[in-house]
Structures are given as structure tokens and as C-alpha cells.
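The values are calculated or read from the model by the stated rules, or taken from the named source; none is laboratory data. In this text the structure is predicted, and so the values were computed from the model without any measurement. Note: ideal-geometry Cβ built from the backbone for every residue, glycine included; neighbour counts use all protein chains shown.
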Amino acid sequence: MVKVTHEFDLYGKHYSLEAGELAKQTTGACLVSCGESSVLLTTVVSKERKDYDFFPLTVDFVEKMYAVGRIPGGYLKRESRPSEKATLTARLIDRPLRPSFPEGFRNEVQVVATPLVADQVNSVDTICVMGASVALTVGGVPFEGPLACVRIGRNVDTGEFVVNPTYEERDNSDLDLELAGSATFISMLEAGANEISEEDMLAAMAFGQEAIAAFCEQQQVFFSKWEEANGPIQQREYILDEPVPEVHERVFAHFDQMSAALKDADKASRVTKVEELKEAIRAEFSEEEQLEWSRPITTQLKALEKHAMRLMVVETGERVDGRVADEVRPLMVKPNYLKRVHGSGLFQRGQTQVLSICTLGMLNEWQRLDTIEPVDGKRYIHHYNFPPYCTGETGRMGAPKRRELGHGALAERALLPVIPSEDEFPYSIRVVSEVMESNGSSSMASTCGSTLALMDAGVPLVRPVSGVAMGLIQEEGKTVVLTDIQGVEDFLGDMDFKVCGTTKGITAMQMDNKATGLTPEILRQALMQAHEGRMFILNTMLEAIPAPREDTKDSAPKIISLSIPTDKIREVIGSGGKVIRGIQDDTGATVDIQEDGMVFVAGIADAAKEAIDRIKAIVKVPEPGEEYVGRVVGIQPFGAFVELLPGKDGLLHISRMAKGRVEKVEDVLTVGDEVKVRVLEVDEKGKISLDRINKPEAPAAAGRPEGEQRPNRRTRRPGDNGGERRPRRRHEGK
């Protein structure tokens, strides 16, 4: 095997494809690079066919911290469980690859993406699809390739689309669209956008399709070089599960019965009817036939259900629950469902029900991220949970699966553009969507429920967001676009197209497409129909809660911010943190001080205000003319030191303590006394001179035994030479 490298430039970026040197015991391997970022894609296909009724494909994205020159944190100093970003990248690779394999492929396939270098300029995720496509092709694996994935951004200043923008270019973009597919069709997309229009999104998708075709063309150039160096690529032979004609005929003889069983709006009832019919059909085969044709029978029973559902839609225009194509299921919207939490919302669409709960916290409670991307963390967090009980099943509870992470990321992406800035709303925000009941579109229900929860929590959203899932049925030359698909239309249909947005535009999209005939006209119809659907849903939501609450609930922390001089930070913190701990212990508030002098204080009821007042007192510099009621904290022969503010003392001179002459400070003031004073002067060194307000009369003969009179200044003291002026002492010798 000879090493082959192909370097090329596209859309202002430099790429390379390399195979034949690394991981040569795999079925196929490719090192793909963009700029100085490089990822190794390996594929291995098992020699034996598995006895499954599904395609056993596994995709892993294994983050390596050495790729960015960092040692992993923690005790073990070793990469452990994948980050959420790594999991989402694995899904990004999986989704265009899975539908490209032939029907009936049952050999186990594992694709592993290992980033070797992440240059912190160019992202490593989208190029993985091209690397996997090359690895599969040079390995002789049958699939509908070549495939590629691109990210499309849009420069907010010029309006121009950018292919695979750098991280810096992404910061200046109002669109983050990831598209994957072949040179002729799109099989997968993910999008986040800053409320862009349907027309602009369609233009970006069309531009992205052209870019995918360009990368597929470069792969063909690489394959030509490969064959020149290593000979023709040999397609490997794999046995596919193919229909048995006799089984097909006997199963499909029950088409009318399956159509009747499917016509039931209740999911549980419909599933029961369909499963009972399948068991009855299976029972018509003898035990010997069931043993011989176990997989073909199972496959054909699934095919019968799929064909009956699809034909019902395209022939009659009626769906299994009786709706027409563009009809949304019945809605139920209940904000403030849980009274004590910071914010909540129950959203139900048909038999899909999601309860979203919002929690507000300090900015220092943001989520810190330890990945190979140049992202420190995030302030808005969305989590999505799909417990087995939501579908009436038993199952393992534990860490979220890939699907849950993906749905949570979609809802987070949908709402992020409308979350207020830190300056406007200085909170960290976490929303958790608990799926209580599921029959399709639970991710869109979580988006709607989360909007309700955020508004109920008093988060001043720029605009409320709603979402809807669209479907597609292409059968016998006919095409129908479906609004608000339910589970059976997702599993047995051709497309799952989720669209989220506001009245102004789209904020997020996600699509998985199995149909190769997805034309721009169909996409346009799907987007426009989705707009009507999500506006209908949004209007229903706004009837229940027209706007975000004017203030946060009493159960939520009140966060107040202020800016202090950076040279005062040390005074607020105190030696060893003594001062700031004292403030927090005394008030019950939480204090977070930033390096730039921004201070965020959170507390229930009046705790935050009390802590803020104490901090202001620490950093305040008294000014001439200001009046204070201070406490005497020290006494000296020349005056008393009065504490005006915490850590701020001023000197009340003995001459300004009372009307008349004061002989001793203790005759007028003692430590602990409260005294009302006015600031006279603050010198260059910060020393404060005070004057007493409402001075009392000085005590008569202060500090002398009773009856003793104060000596006259003109009376000579003993030893004063009899009242005569003492002669000046002269120096000797003069």
C-alpha cells in the first residue's frame, strides 16, 4: 500500500486528504486536515454478518487533549467519558453515513474519529464526514458516497456566505449551518441562527449544497490518485438481507388489515392493534418457516406497516390520527406549573408532554467546558431528559444518551439568540426539560416548554420561541409534507425536519433526511408550512403568558451588580477572605467579584441589597461636607478616631469635640460612643478630618480635682524666677 496525499484549496481554506500510512490494519483509514487541524478517521467492517434486524453502525469521536497541547484535568490525567461536544460530533458523522449504506447491510461497522491536532483556528468536526467517506471508499465498503459536510456562516457586515468559517469568523456570523450529504442531495443539517428569514435560510442551504458537491469532487480526484498508486479500488462482497418473495407475498396479503389497525389516534391502542396483527400474521407461518425465515418475516412485517401508513397519507390525505397534512395536534399550555421553582411551563401537543423548569443562579455558576475547542464555557444551559416511563416502558436510568444530548443541544441552540445579555440580566440560567409523555416531536415540545419556563421566571427574552417538527412522505410518485409529525410518521417517514424561531425569523433547525428526491421546492414548502405551524403554536403560548414576568419570583435569587475600583477589591475581600466571608455569613447572600471590579451579589429577599450596601460602604471614599453617625474606635491625647464606614476612620480633633476647651478626650468621649460628625477635609493621603455636629458644652474644670482652679496663663509657675524673665543662657567663651 502506497501513501497518497491530495492537497487542495476551496473557499479560502487549505485542505488535505491522506491515506496509506496510518492504521493500515483497518478496513480503511484517512487523515483529513483543514489548516493545521487534523483528524484520523478509521473504519472497520466485521467479517461476519450479524443476526440483527437493524444496521449495526457505531461512530465514536475520541477527544485527545494533546491535540491542543493540554494535559487532562482530574486525578487520573487521562481522557475519560466523552464531552457533550464530542458526543454531538459523533452524531454529526453518524447521521449522513447511516442512510448511505444499502438496505439489508448487517455487518457491524465502526467509525472512529481521533483528532490529532486542533489548531484553535479551524474546527475539526465537519471535516470528519469527508474523512470517513474517504476511509470507507478506499476500504471497498459499499455505500452511496462520496459524502461531505460543510459549515456555512454569514458575515454580518457584508452578508456573504462563508464555508467552514474559522472560530473568529464564526464570532462575526449570524448563522451557523452544518450540512452533510452527497453531491446531489442533503441528508442531514443542523443550524443555529440569529432570527434569519426562511428565504435567507434557503439561500444558505443552496450554497451549502454547492460546497458539498465541490468537496465530493475533490474526493474523486483523490481516488484517482489512489488508484494510480495502488490499483483499482476493489469493492468487497457483503451478503445483504434481501426479501424472500414468498414471505413478502404472504405478509402483504394483510395490507387492508394493517391499514385499519393504523387508524387510531391513541398511540397505545394503535401500537397494541398493530402488534396483535403482526403476531397473528407470524402465526400463519409454521414453526419450521419461522425458524428459517425469522429475519425476513420481521423485516416484511415492518415493511407492511411502513407501506400502509405512507400509502394512507398520499392516497387519502388522512394521517393515522385523522389529521390533515398541515394540522397541528391539540395543544395545552400551562406556565407557572410549579409554584416554588424559579420558573416552569407545561407544554403538551397531542400525546407529547414536556415539563420544563428554569433555575437562575450566579454568573459564577456557569458551565465550564474542557474540550479541544477554544470555548471556556456557557452561561445558558439546557438539559433534556427522556425517561423510559414517557413511552410506557421500563428501562435503565442513568447518564443521558446521545439522542438526549442532541435534543437538549437543539433546544439550547433555539433559545440562545433570545437570551438577554449579562449586562441586562446578570444570571446563569439552566432549563431542564422532563419528557412526561412522548409520541413524537418531544424536542420541539421542550423548546416551547422552555420558553414558557423562562418567561415565567422573569427572564426578559428578546422574543419568545416556538418550534415544530415537519415530516415528508414520498410514495408512488407522490409527495406530502406533514406538519407536527408524531412517532410513527417519524420512524416510517422520509424526513424529520425540526424548525424553531420567533416572529422575526429562524433560530435553530435540525433535519435527518432519507429521501434522495428532496428538491429546493420541497424544502421551501416545508419551511413555509413550518412557519405557519410554529406561529399557530406561539399564539397559543402567548394567550397563556403574553410576556415575561416583570420581575423574578420571590423564591429566585435577586442579583444586583455594581462596579468598584480595582484597587478596592482587596479591601472587599479582606485578609484571607475574612471581609467577604463575613458579608456572606451575616447577610446570607453570595458575592462574586470579577477581576475588572464588577461585583455580582445574589440573595433571597433583602439579603442582596444588604450585602451591596456593605460593599458600597467599604469602597466609598468620604467627601468634604458629608455627615455621618460614627462610632469612636480609638482615643489619643490629641483626639478620637471615629469609624465612619467599615474600614474608614476619621480624626475628630480634641479642639472640635465641644464648645470650649477640652483638656482630656476622655472627659467628652469614650470608646464605643456614637457621635454625629461632618467631614471637613480629606488630604492627599486619604486622611480624614472631622468636625462634631451639635457640639456640647465642654465640661467645666475638666480633669482637675474638685475646687482646683485652672491657672491663669499669665501666672508664673513655680521656678519661674520670681516672675522675672529668666536670662538667656549664654555659651561659654562668648
field: Residue tally, condition part of a loop (DSSP other than H, G, I, E, B) and either closer than 15 Å to residue 451 by Cα or without any contact (Cβ under 8 Å) to a residue 60 or more places away in the chain (or both), over the range 541-551
entry: 5
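Go through the range 167-182 and report how many residues are assigned to a strand (DSSP E or B) and of a type in the set (D, E, K, R). Steps first, answer last, please.
Here is the first cut: in the range 167-182, the residues assigned to a strand (DSSP E or B) are 173, 175-181.
Checking the rest, the ones that are also of a type in the set (D, E, K, R) come to 176, 178.
Summing the residues that are assigned to a strand (DSSP E or B) and of a type in the set (D, E, K, R) in the range 167-182 gives 2.
Of everything in the range 485-540, what is within 24 Å of residue 91 (Cα to Cα), assigned to a loop (DSSP other than H, G, I, E, B) and either out of contact with any Pro (no Cβ under 7 Å at 6 or more places or on another chain) or not assigned by TED's automatic domain parsing to the domain that holds residue 415 (or both)? Give them in sequence order.
Going through the range 485-540, the residues within 24 Å of residue 91 (Cα to Cα) turn out to be 485-501, 506-518, 523, 526-527.
Now drop any that are not assigned to a loop (DSSP other than H, G, I, E, B), which leaves 485-486, 493-494, 514-518.
Passing the criteria: 485, 486, 493, 494, 515, 516, 517, 518.
Test residue 138 against the stated conditions and say whether it is more than 24 Å from the chain's Cα centre (by Cα), surrounded by 20 or more Cβ atoms within 10 Å (Cβ to Cβ) and aliphatic (A, V, I, L, M).
On the way: more than 24 Å from the chain's Cα centre (by Cα): yes; surrounded by 20 or more Cβ atoms within 10 Å (Cβ to Cβ): yes; aliphatic (A, V, I, L, M): yes.
Yes: the conditions hold for residue 138.
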task: Of the numbered conditions (1) modelled with pLDDT under 90; (2) in contact with a Lys or Arg (Cβ under 8 Å, 6 or more places away or on another chain), residue 243 fails exactly one; give the number of that condition.
output: (2)
- line: Only one of (1) assigned to a loop (DSSP other than H, G, I, E, B); (2) at negative phi; (3) not aliphatic (A, V, I, L, M) does not apply to residue 140, and that is (2)
query: Counting only residues that are closer than 23 Å to residue 129 by Cα and not in a strand (DSSP E or B), how many does the range 186-197 have?
result: 0
task: Within the range 429-487, work out how many residues are farther than 24 Å from residue 323 by Cβ, surrounded by fewer than 24 Cβ atoms within 10 Å (Cβ to Cβ) and not β-branched (Val, Ile, Thr).
output: 7
task: Test residue 123 against the criterion of being under 23 Å from residue 407 (Cα atoms), touching a strand residue (DSSP E or B) at 6+ places or on another chain (Cβ under 9 Å) and of a type in the set (Ser, Thr, Tyr), and give yes or no.
output: yes
- request: Might you let me know whether the range 620-628 holds any residue that is closer than 30 Å to residue 427 by Cβ and under 35 Å from the mean Cα position of the chain (by Cα)?
  value: no
message: Against the condition surrounded by fewer than 21 Cβ atoms within 10 Å (Cβ to Cβ) and without any contact (Cβ under 8 Å) to a residue 12 or more places away in the chain, how does residue 104 come out, does it pass?
response: no
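Just to check your reading of the model, which residue among 467, 471, 477 is closer than 29 Å to residue 550 by Cβ and out of contact with any His (no Cβ under 7 Å at 6 or more places or on another chain)? Spell out the reasoning first.
Working: 471 fails: closer than 29 Å to residue 550 by Cβ; 477 fails: closer than 29 Å to residue 550 by Cβ.
It is 467.
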- line: Checked against (1) without any contact (Cβ under 8 Å) to a residue 40 or more places away in the chain; (2) surrounded by fewer than 17 Cβ atoms within 10 Å (Cβ to Cβ), residue 273 satisfies every condition except (2)
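Give me the residue from the range 178-191 that is small (Gly, Ala, Ser) and surrounded by 23 or more Cβ atoms within 10 Å (Cβ to Cβ) and, out of that set, nearest to residue 510 (Cα to Cα). Reasoning before the result, please.
Let us first name the residues in the range 178-191 that are small (Gly, Ala, Ser), namely 180-183, 187, 191.
Subset that is surrounded by 23 or more Cβ atoms within 10 Å (Cβ to Cβ): 180-181, 187, 191.
Details: 180: 12, 181: 14, 187: 11, 191: 6 Å.
By that ranking, first place goes to 191.
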task: Could you please let me know if residue 353 is crowded, with 19+ Cβ neighbours inside 10 Å and touching a Pro at 6+ places or on another chain (Cβ under 7 Å)?
output: no
- request: Sort out for me the strands (runs of 3 or more DSSP E) sitting completely within the range 377-484 that have 3 or more residues that are within 28 Å of residue 522 (Cβ to Cβ).
  value: 466-475, 478-483
query: Within the bounds of the range 396-403, is there any residue that is in contact with an Asp or Glu (Cβ under 9 Å, 6 or more places away or on another chain) and either free of Cβ contacts under 8 Å to residues at least 12 places away in the same chain or surrounded by 24 or more Cβ atoms within 10 Å (Cβ to Cβ) (or both)?
result: no
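Would a scan of the range 644-661 turn up a residue that is over 18 Å from residue 693 (Cα atoms), part of a strand (DSSP E or B) and at pLDDT below 90?
Looking for residues that are over 18 Å from residue 693 (Cα atoms), part of a strand (DSSP E or B) and at pLDDT below 90, one finds at least one in the range 644-661, hence yes.
Just checking, how many residues over the range 324-348 are touching a residue at least 24 places away in the same chain (Cβ under 8 Å), more than 16 Å from residue 433 (Cα to Cα) and out of contact with any helix residue (DSSP H, G or I) (no Cβ under 7 Å at 6 or more places or on another chain)?
So the first thing to find is which residues in the range 324-348 are touching a residue at least 24 places away in the same chain (Cβ under 8 Å), and the list is 325-329, 331, 333-336, 340-348.
Then drop every residue that is not more than 16 Å from residue 433 (Cα to Cα), which leaves 325-329, 331, 340.
Filter again for out of contact with any helix residue (DSSP H, G or I) (no Cβ under 7 Å at 6 or more places or on another chain), leaving 325, 327, 329, 340.
Count: 4.
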- prompt: Taking residue 560, is it part of a helix (DSSP H, G or I) and of a type in the set (A, V, I, L, M)?
  reply: no
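When you look at residue 602, is it outside the structural domain of residue 364 (by TED's automatic domain parsing) and either assigned to a strand (DSSP E or B) or closer than 24 Å to residue 340 by Cα (or both), yes or no?
yes
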- prompt: Yes or no: residue 85 over 26 Å from residue 150 (Cα atoms) and in contact (Cβ under 8 Å) with a residue 40 or more places away in the chain?
  reply: no
- request: Assess whether residue 634 counts as being without any contact (Cβ under 8 Å) to a residue 40 or more places away in the chain, farther than 21 Å from residue 568 by Cβ and of a type in the set (Gly, Ala, Ser).
  value: yes
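Mind checking which helices (runs of 4 or more DSSP H) fall wholly inside the range 198-291 and carry at least 2 residues that are closer than 30 Å to residue 163 by Cβ? Break it down stepwise before answering.
On the way: elements: 198-230, 245-252, 255-262, 267-283.
By residue number, 198-230.
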